[in-house]
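K.L.:
One structure is given below, represented as structure tokens, and several questions about it will come after.
The values are calculated or read from the model by the stated rules, or taken from the named source; none is laboratory data. For clarity, every value in this text was computed on a predicted model and none was experimentally measured. Here the Cβ positions follow ideal geometry from the backbone for every residue, glycine too, while neighbour counts run over all protein chains shown. Only protein heavy atoms, including side chains, enter the accessible area calculation; ligands, DNA and RNA are left aside. Shrake-Rupley method; radii C 1.70, N 1.55, O 1.52, S 1.80 Å.
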Amino acid sequence: MMIPTVKTITNVSRFQGRALSHFLTASRSLSNETNIDHEHYKGAWKTYGDIENYVPGKYQIQTFNKISPRGLQRFDGENFDVRVDGEEAANAHAILLRSHKLKEEEVAHTVRAIARCGAGTNNIPVARMTEIGIPVFNTPGANANAVKELVSCGMLLASRRIVDGVNHMKDLGSQGLAKERVEKDKSMFGGREIKGKTLAVIGLGHIGGMTALGASALGMNVVGYDPSLSVESALRLPGDITLLDSISSAVSKADYISLNIPYIKGEDGTHGIINQDVIDQFKSDAVLLNFARGELVDSEAMKNFLDRGNGRYVSDFPDDLLWNHKNTIILPHLGASTEEAEDTAAAMAADTVKDYLENGTIRNSVNFPATSLPDPEKNSIRFTIVNKNLPGMLAQITETFANAAFNITQQINHSRGEIAYNVLDVDMEGHDDVVSFKKVQKQITMLDGVLSSRILYGKPGFGYAKNIEGKYFV
């Protein structure tokens, strides 16, 4: 591994200098063990934070929020250095987070991937991460059962005025009147059963599908709407579900309505999708269950509906207008707040990040194409390349390998929107020198349109290069 030049580290403090001495010793040892020199730490030293806390030869994982320890155990200590929330992690290779609102300045140049322990990614600047070539992953379905159970709970809470009844008993108890008044007052909280009623499920992904199955098992009639329903999702639905062609048609005869769609900003997005026009189609006593996102519902329109009838609104999100309405139940975002869901989401995120860092595999990404290549053949090395989705890019990449006399043994190229992703295995025969690998990686990385490249070989954490506004960063 090439050692940083004196010019690069002139501002290092004395204690950093001592740490640097240890780092250089380790670096020489690593370069002796690995045939390929990846020339790391060529950029400004400040990019890498406190060198005394840097552990060479391991992938550094930065976490925000409290991530389930059981999930983080998927990162083995031999190859991964996990920094829990609050610990210095300026050399991070990947980021795991839950609800933390990630800012671009928190994403170091060394970061290769970001994973959200949950389904929604609106707390991550996904569009910007795509521009700079960083895949963003989520964990679809990890919290589906937890949310589905709470939706079922919401239906029961709204059907029987259970919350009002509990509060009334507390009030009577404080006055010493509970036993005296309980039988007389129970008529204040009459309700209805959900068996035989109709549930409209808007959005039939993991959570919507499980909600539909659960409702069917409870004896409800289920209708659904999802314009993007996949074959995989359709196969998970109950056999007696009725699929309809619009939100309005789905809600018009429903006693209960469950929202299970993502929140998408901008034109043609889902902000306020449950608006006055849709709500006007509700039955007068319909119950809306919102365990997706608060911004999906027009609060003013919902208030008008609740004021004029006997409808209900159950939401897992704060609402400044509806929080104290007699016909609302507002919960403190409890949907995925179970130990099991947090463990599952963290483990799923960790496995996804590991597979990407170690093998270059893309799955469950919200901005990169799903991509997987079989294990490399013996005596071959894997390259991954992220580039803008422009005509002729693949030809330029393969031509660069050919000009350097590298034989590609297997490859895959997929694109999604403005981004393209390549995984290529090249034969090592005739290339046991360090320089040829360094040279071809730099040539590829500096192609106009390439954002980054990796060589998946040798010690974890090495082999990453970026094209940052025409400058070579390794």
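K.L.:
Which three lengths, in whole Å and largest first, does the chain cover when its Cα atoms are put on their principal axes?
P.N.:
Principal extents (largest minus smallest coordinate, Cα): 88, 49, 36 Å.
K.L.:
Please state, rounded to one decimal and in Å, the Kirkwood hydrodynamic radius that the range 102-189 gives when every pair of distinct Cα atoms enters the mean of 1/r.
P.N.:
Computed over Cα pairs of the range 102-189, the Kirkwood hydrodynamic radius comes out at 17.4 Å.
K.L.:
So if I place +1 on the C-beta of Lys and Arg and -1 on the C-beta of Asp and Glu, and nothing else carries charge, what would the dipole magnitude of the chain be about its Cα centre? I want it in debye, nearest 20.
P.N.:
Taking the Cα centre of the chain as origin, the dipole is about 680 debye.
K.L.:
While we're on this one: Lys/Arg Cβ at +1, Asp/Glu Cβ at -1, dipole of the chain taken about the Cα centre: which of 456, 330, 396 is farthest positive-ward?
P.N.:
Selected residue: 330.
K.L.:
Calculate the dipole size of the range 214-315 relative to its Cα centre from +1 charges on Lys and Arg beta carbons and -1 charges on Asp and Glu beta carbons; express the result in debye to the nearest 20.
P.N.:
In total the dipole reaches around 300 debye.
K.L.:
Per-residue ellipticity at 222 nm for the chain, helices alone: DSSP H runs ≥ 4 residues times -39500 (n - 2.57), over residue total, nearest 500 deg cm²/dmol?
P.N.:
-9500 deg cm²/dmol
K.L.:
In addition: To one decimal place, what orientation-averaged projected area in nm² is obtained for the convex hull of the Cα set of the range 385-437?
P.N.:
3.7
K.L.:
Take 244, 96 and sort them by solvent-accessible surface of the protein heavy atoms, 1.4 Å probe, largest at the top.
P.N.:
These residues rank, largest area first, as 244, 96.
K.L.:
Out of the DSSP beta bridges found with both residues in the chain, what percent are antiparallel (nearest 5)?
P.N.:
Roughly 45 percent of the DSSP beta bridges within the chain come out antiparallel.
K.L.:
While we're looking at this one, here's another question. Pull up the cross-link candidates among the aspartates and glutamates for residue 388, meaning alpha carbon to alpha carbon under 19 Å and not fewer than 8 places away within one chain.
P.N.:
Qualifying aspartates and glutamates at Cα under 19 Å: 131, 399, 418, 448, 469.
K.L.:
Separate question: Specify which residue in the list 75, 406, 383 is farthest towards the positive end of the charge dipole of the chain, using unit charges on the beta carbon of Lys, Arg (+1) and Asp, Glu (-1), about the Cα centre.
P.N.:
Value computed over the given set: 75.
K.L.:
Next question. Please state the charge dipole magnitude for the range 356-474, taken about the Cα centre, from unit charges on C-beta atoms (+1 on K and R, -1 on D and E), reported in debye and rounded to the nearest 20.
P.N.:
Details: 12 positive and 12 negative charges, 86 e Å.
Taking the Cα centre of the range 356-474 as origin, the dipole is about 420 debye.
K.L.:
Another one. Work out the charge dipole of the chain with +1 on the Cβ of Lys and Arg and -1 on the Cβ of Asp and Glu about the Cα centre, then indicate which of 62, 258, 188 is farthest towards its positive end.
P.N.:
Looking along the dipole axis, the top candidate is 188.
K.L.:
OK, next. For residue 153, what accessible area in Å² do you get when you roll a 1.4 Å probe over the heavy atoms of the protein chains, rounding to the nearest 10?
P.N.:
Answer for residue 153: close to 50 Å² accessible.
K.L.:
Figure the gain on full extension for residue 85 and residue 240 (residue separation times 0.36 nm, minus the Cα-Cα span) and round it to one decimal in nm.
P.N.:
51.2 nm is the gain from fully extending residue 85 to residue 240.
K.L.:
Give the lysines reachable from residue 179 as a straight Cα distance under 28 Å; neighbours fewer than 8 places away on the same chain don't count.
P.N.:
Residue 179 reaches 170, 326.
K.L.:
What number comes out for the charge environment of residue 193, summing +1 per Lys or Arg and -1 per Asp or Glu over other residues with Cβ under 11 Å away? Let's see the in-between values first.
P.N.:
Working: positive: 160, 192, 195, 197; negative: 255.
Result for the local shell: +3.
K.L.:
Hey, got a sec? Which trypsin sites (Lys or Arg not before Pro) in the range 351-385 land in a DSSP loop and have at most 15 other Cβ atoms within 10 Å? Working shown, then result.
P.N.:
Details: sites: 354, 363, 378, 382; in loops: 363, 378.
Loop-located and lightly packed - 363, 378.
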